[in-house]
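Contents: one structure, followed by commentary.
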Amino acid sequence: MELFQERGYDRTTVGEIAARAGLTERTFFRYFADKREVLFSGSKDLEKLIVETIAGAPQATAPLDAVTTALEATAPMFEERRARSRTRQTLIAAHAELRERELIKLSSLASAIAESLRERGVARPAASLIAETGIAIFKSAFERWVEDTKEHDLSHHVRGALEELRLVTAATGAASSTRPPTKASRRTQRSSP
């Protein structure tokens, strides 16, 4: 992270990263596929925590609630890394290849969440939809957390994103039930006795 800030992400080489860490390039490649992976090194730990928390939720817990509880459980993992997370997000936002890698990691996390939900008995289409919804909640909450000058923890922002989602979907449902009838529905109404 220091090298990326000092020299810029594009100009930093794997050799420089390895040297700064007191390693050889060969040792670096035992741990990371490339320099992008340095910024995503905790993704497997994050996935494991989320999946285990979903698996450990009481069976009566609604699937989306199990997912958001798991997302909230990640808050302590991130809290100790707030400054690093801000720097990391700035780097990712500035480089297309890092944004692409982040999307790949989030897609992998969504797949793991969906699989965990299926193991709890949630049907495949619903599990996938809930997992993707969980990722949307996580992304929104994480962005808010990184930018939060009051420094609320991540779980605060997860709850806020979930509440906002519920308000939006409730409003969307109300709006769709008050839409004016379409031409086809008016024809059906006229032809009905």
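Restricting the range 52-63 to residues that are among the hydrophobic types (A, V, I, L, M, F, W, C) and open to solvent by less than 40 Å² (accessible area, probe 1.4 Å), which is farthest from V146 (Cα to Cα)?
A57
From the residues in the range 124-150 that are touching a Lys or Arg at 6+ places or on another chain (Cβ under 7 Å) and not small (G, A, S), which one is surrounded by the fewest Cβ atoms within 10 Å (Cβ to Cβ)?
So the first thing to find is which residues in the range 124-150 are touching a Lys or Arg at 6+ places or on another chain (Cβ under 7 Å), and the list is 124, 127, 146.
Pick out the ones that are also not small (G, A, S) and you get 124, 146.
Values: R124: 11, V146: 17.
The extreme case among them is R124.
Residue-wise test of (1) at pLDDT 95 or above; (2) part of a helix (DSSP H, G or I).
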{"residue": "V38", "(1), (2)": "no, yes"}
{"residue": "L46", "(1), (2)": "yes, yes"}
{"residue": "L49", "(1), (2)": "yes, yes"}
{"residue": "T61", "(1), (2)": "yes, no"}
{"residue": "L71", "(1), (2)": "yes, yes"}
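For the condition open to solvent by 60 Å² or more (accessible area, probe 1.4 Å) and of a type outside the set (F, W, Y), what is the one hit in E97, E47, E102?
Values: E47 fails: open to solvent by 60 Å² or more (accessible area, probe 1.4 Å); E102 fails: open to solvent by 60 Å² or more (accessible area, probe 1.4 Å).
Going through E97, E47, E102 in turn, the sole match is E97.
Looking only at helices (runs of 4 or more DSSP H) that lie completely in the range 75-161, which have at least 1 residues being farther than 25 Å from D65 by Cβ?
On the way: elements: 75-79, 82-94, 96-119, 124-147.
By residue number, 82-94, 96-119, 124-147.
The values are calculated or read from the model by the stated rules, or taken from the named source; none is laboratory data. Computed from a prediction, not measured in an experiment: that's the story for all the values here. Positions of Cβ are generated from backbone atoms using ideal geometry, with glycine treated the same way; all protein chains shown enter the neighbour counts. Calculation scope for accessible area: heavy atoms of the full protein, side chains included, ligands and nucleic acids excluded. Shrake-Rupley method; radii C 1.70, N 1.55, O 1.52, S 1.80 Å.
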